[in-house]
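Engineer: Before I ask anything, here is the structure I am working with.
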Amino acid sequence: MSIPETLKTEWKCRIQQSDHPRELVVDVLLAIQGQIGYVDDQALREAADWLQVDPLEIEEIATFYTFIYREPVGRYVIHLCDSVICWLGGYDALRNHLCRKLGIALGGTTADGLFTLLPVCCIGYCDRSPAMLINGKVYGPLTEETLDRILSELRVAASDKEL
Amino acid sequence: MVPQVLFQNRKPDRITTLAEYQAGGGYSALSQVLTRQDPKGLQTLIDEALLLGRGGAAFPMGRKLATVADDAPHPRYLVCNADEMEPGTFKDRVLIHADPHQLIEGMLLAAYAIGADKGLIFIRPEYEGAARILEREIGLAREAGFLGANILGSGVAFDMVVHRSGGRYICGEATAQLNALEGKRPNPRKPPPYPTEKGLWGMPTVTQNVETLCCLPHIVNNGADWFKSLALTSGAAGTKIYQISGKVNRPGCYELPMGIKLSRIIEEYAGGMPAGSTFKACLPGGASTRFMTKDHYDIEMDIDTLRNAGHRLGTAAIMVFDDKTCLVAATVNLITFFARESCGWCTPCREGLPYILDILQRIENGQGQERHIGMLESMARHLWKAYCAFAPGAASPLESLLTYFGDEVRAHITEKKCPFGGREAT
Ligand SMILES: Cc1cc2nc3c(=O)[nH]c(=O)nc-3n(C[C@H](O)[C@H](O)[C@H](O)COP(=O)(O)O)c2cc1C
Ligand code: SF4
Ligand code: FES
């Protein structure tokens, strides 16, 4: 997928207006990712070009952050919290359940391209542990049953969009 | 009911609007200082109120502000640290969702005290909802004349923006955050120069936690003595947003007087422990604090009392473990977190943590040897040689595990298995 011209114009304009264009690097990467799903090599070079920063430096930043994806991900990225309170609340069993249901290991993406499963550090919702984040939305406290329901709701939502 | 200060406008399901905030006296502290107080006077007030930073390090805010020289160059920056990635911590999210203008006014007051020109709220990606609330409410505050080139006609100028992080624990460390804000790889910077002299873009910068800033309007409105009187213990000041999670019936955020006993937080506010569970240990202030034991069950939860007992209040994120939980396994989990989140900049931390994790996992899996304990002890000491405070933080749960729960660690070694039946918790 290529980066839409409109996005490019919009960001080039914002970059021009900034006193310190570099401060926008994470915003730029997240915006590109929002359009094309992840930051591929082309996007990386593109961001480097807009910001006039060496592509290697952009790579250094892109690979540093948890929520910037340098590899293709599914439409829904499940960030399952594996920090201590969620672990205490049954993370291991929930992870096993998700892996079984989705037929993937941690870090994997389902063959239909719908789900990617990633562990994540404490997401700041320990009062709702065990918790996870999917495309910015928080779910918790989770049980195996609620996980099943959430997965099927997302499957329905995805097929609705397809129609 | 104990006094609710920071949570006085908190509602179960929505934010406090600008109109509601103003109706409750909001932004009166701002107009008061703009008309009646000079920046130095405000700094003195904050100092007298004994306001200590709520982000984990408990540094006196008044003292920090005083290190910005009177003739320091402009632009000066105020950074609000809303990164909140310390495991167990979620007060800043709740504060922003409850009363965003309290934070905006707090930032305005801090900015006035140091003559800051621009404010930046650094926020983690998991809090996108809070980021959007802030952006919207900052816009409303600007329209109302509280932000901009001529605040309330006073001639004072200040404005603020929200800066979104890509998500990494080290970005919460104030100097790493400066690199993150500049679009660089976020490793920490080693002072000197201190950020109040040369911080963001080389200019004077003060960084404060969300909760610290939220205290300011109330201190201005009610005075330093009132703020100190909120605490239960002498020498302490203010209320504290305690977050409690783990093996309790009602996990959540509770605003309570600084210095309240741990036992009261657990029993009266968090609804006690689940049936069949008894208290074994807690981390009092996030993953980078030391385990406290039954012996500490009645301790007064303020900064000095914990410090004098060899502990740290940290972010006051109390994580409760019961007698059925294996603390070796819990520490494996905590060190996994630190090993993953290490920024990789310095060797003791980057290399030391995976090494510690490997040994701990062996012990947990029943392959530990007596000599491993000494290795862990010396590795924990090495972590103090690291470049920033991340690694000493990581050492805290490990070192306190060995100190207080050495028998439990040894039982894994002698029985050649986890006495709790493996690492899976429920
Ligand atoms: C590894 C590490 C992570 C930190 N994370 C945070 C954080 O998420 N939020 C925060 O306010 N302070 C955090 N701090 C503390 C900051 O460095 C700094 O002391 C604080 O933001 C200053 O504000 P305060 O004095 O109002 O607490 C962290 C420190 C370290 C060493
Ligand atoms: S102690 Fe860890 S987090 Fe801090 S600079 Fe060294 S590697 Fe980075
Ligand atoms: S430990 Fe999972 S949300 Fe905090």
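Engineer: Once whole DSSP H runs in chain B are found, which of them have Cα atoms spread over 24 Å or more along the helix axis and a mean Kyte-Doolittle score of at least -1.0?
Structural biologist: Helices passing the filter in chain B: B:347-364.
Engineer: Still on this structure: Whole Å is fine, so just give me how far the alpha carbon centre of segment B:337-409 lies from that of segment B:144-184.
Structural biologist: 35
Engineer: Using Cα pairs closer than 8 Å and at least 6 residues apart in sequence, work out the relative contact order for chain B, in percent.
Structural biologist: Value for chain B: 16 percent.
Engineer: Return the Rg/Rh value of segment B:258-399, two decimal places, where both radii are evaluated on C-alpha atoms and Rh is the Kirkwood radius.
Structural biologist: 0.99
Engineer: Rg and Dmax in Å for segment A:31-163, alpha carbons only: what are they?
Structural biologist: In Å, with Rg to one decimal and Dmax whole: 16.2, 49.
Engineer: May I pose another question? About the Cα centre of the protein assembly as shown, what is the dipole size in debye to 20, counting +1 per Lys and Arg Cβ and -1 per Asp and Glu Cβ, all else neutral?
Structural biologist: Rounded to the nearest 20 debye, it is 580 debye.
Engineer: If we restrict to alpha carbons, what Rg and Dmax does the protein assembly as shown come to, in Å?
Structural biologist: 23.8, 74
Engineer: Counting heavy atoms of the protein chains only and a 1.4 Å probe, report the per residue accessible area for chain B as a whole number of Å².
Structural biologist: On a per-residue basis, 37 Å².
Engineer: Any chance you could give the angle, 0 to 90 degrees and rounded to 10, that helix A:91-102 forms with the longest Cα principal axis of chain A?
Structural biologist: Tilt relative to chain A: about 80 degrees.
Engineer: Share of antiparallel DSSP beta bridges in chain B, in percent to the nearest 5?
Structural biologist: Here the share of antiparallel DSSP bridges comes out near 40 percent.
Engineer: While we're on this one: What order do B:203, B:85 take when sorted by accessible area (1.4 Å probe), most exposed first?
Structural biologist: Greatest to least solvent exposure: B:203, B:85.
Engineer: So, one more: Rounded to the nearest 500, what is the 222 nm mean residue ellipticity of chain A from helices alone, with -39500 (n - 2.57) per DSSP H run of 4+ residues and division by all residues?
Structural biologist: -15000 deg cm²/dmol
Engineer: Oh, and also: Please give the total accessible area that chains A and B bury against each other, computed with a 1.4 Å probe and expressed in Å² to the nearest 100.
Structural biologist: 3500
Engineer: Could you please state how large a percent of the accessible area of segment B:250-372 is carbon and sulfur, counting protein chains only and using a 1.4 Å probe?
Structural biologist: Accessible surface attributable to carbon and sulfur in segment B:250-372 totals 48 percent.
Engineer: Greater than 29 Å separation of Cα atoms is the criterion. Which listed pairs, B:40/B:240; B:91/B:118; A:12/B:64; B:40/B:228; B:40/B:118, meet it?
Structural biologist: Too far apart for the 29 Å limit: A:12/B:64.
Engineer: Here's another thing I want to ask about it. Apply 1/(1 + (r/R0)^6) to the Cβ-Cβ distance of residue B:22 and residue B:71, taking R0 = 45 Å, and write down the FRET efficiency to the nearest 0.05.
Structural biologist: E(calc), rounded to 0.05, equals 0.80.
Engineer: Is any residue of segment B:384-426 close enough, with backbone N under 11 Å, to a label point placed 7 angstrom from the Cα of residue B:377 along the Cα-Cβ axis, and if so, which?
Structural biologist: What the label zone holds, given the 11 Å backbone N cut-off, is B:402-403.
Engineer: Separate question: Pick out, from A:106, A:90, A:67, the residue whose Cα sits farthest towards the positive end of the charge dipole of segment A:51-110, with +1 on the Cβ of Lys and Arg and -1 on the Cβ of Asp and Glu.
Structural biologist: Result: A:90.
Engineer: How high is the relative contact order of chain A? Use alpha-carbon pairs under 8 Å, at least six apart in sequence, and give a whole percent.
Structural biologist: Worked out over chain A, it gives 18 percent.
Engineer: What FRET efficiency, computed as 1/(1 + (r/R0)^6) with R0 = 25 Å and r the Cβ-Cβ distance, is obtained for residue B:385 and residue A:56, rounded to the nearest 0.05?
Structural biologist: The formula returns an efficiency of 0.25 here.
Engineer: Right, here's the next one. Can you give me the convex hull volume of the Cα atoms of segment B:40-164, divided per residue and expressed in Å³?
Structural biologist: About 109 Å³ per residue, rounded to a whole number.
Engineer: For segment B:1-106, just list the percent of Cα-Cα distances falling in each 5 Å bin from zero outward, please.
Structural biologist: Per 5 Å bin, starting at 0, the Cα pair percentages come out as 2, 9, 16, 19, 23, 17, 9, 4, 1, 0.
Engineer: Okay, moving on. Taking 8 Å as the Cα distance limit and 6 or more residues as the minimum spacing, I'd like the relative contact order of segment B:202-316 as a percentage.
Structural biologist: Relative contact order for segment B:202-316 comes out at 20 percent.
Engineer: Now, a different point. Over the protein assembly as shown, what is the percentage of antiparallel beta bridges among all DSSP beta bridges, to the nearest 5?
Structural biologist: Given both bridge residues lie in the protein assembly as shown, the antiparallel proportion sits at roughly 45 percent.
Engineer: Moving to a separate point now. Using the Cα atoms of segment B:256-312 to build a convex hull, what is its mean projected area in square nanometres?
Structural biologist: If I average the Cα hull's projected area over directions, I get 3.9 nm².
Engineer: Using R₀ = 45 Å, calculate the FRET efficiency as 1/(1 + (r/R₀)^6) where r is the Cβ-Cβ separation of residue B:407 and residue A:160; round to 0.05.
Structural biologist: Efficiency for this residue pair is about 0.20.
Engineer: Follow-up. Just report the Cα centroid separation between segment A:100-120 and segment A:63-93, whole Å.
Structural biologist: Taking the Cα centre of each part, segment A:100-120 and segment A:63-93 sit 11 Å apart.
Engineer: Need the per-residue list for segment A:48-66: every residue with at least 50 Å² less accessible surface in the complex of protein chains than in the chain by itself, probe 1.4 Å, sorted by number.
Structural biologist: A:64, A:65
Engineer: Moving on. Mind checking the log10 I(q)/I(0) for chain B at q = 0.13 Å⁻¹? Debye, one equal scatterer per Cα, no solvent, two decimals.
Structural biologist: Results for chain B at q = 0.13 Å⁻¹ read -1.13.
Engineer: Any idea how far apart residue B:185 and residue A:149 come out in nm if each label point goes 7 Å out from Cα toward Cβ?
Structural biologist: 4.5
Engineer: Per the 1.4 Å probe, what fraction of the accessible area of chain A, in percent, lies on carbon and sulfur atoms?
Structural biologist: The value for chain A is 50 percent carbon and sulfur by accessible area.
Engineer: Additional query: Say the dipole of segment B:1-116 comes from +1 at the beta carbon of Lys and Arg and -1 at that of Asp and Glu; which of B:88, B:1, B:17 then lies farthest toward its positive end?
Structural biologist: The residue sitting most towards the positive pole is B:1.
Engineer: So what is the calculated 222 nm ellipticity per residue for chain B, using -39500 (n - 2.57) for each DSSP H run with n of 4 or more, over all residues, to the nearest 500 deg cm²/dmol?
Structural biologist: -12500 deg cm²/dmol
The values are calculated or read from the model by the stated rules, or taken from the named source; none is laboratory data. These numbers were taken from a predicted model, which means no experiment stands behind them. Note: ideal-geometry Cβ built from the backbone for every residue, glycine included; neighbour counts use all protein chains shown. Note: accessible area is taken over every heavy atom of the protein model, side chains too, but ligands, DNA and RNA are not part of it. Shrake-Rupley method; radii C 1.70, N 1.55, O 1.52, S 1.80 Å.
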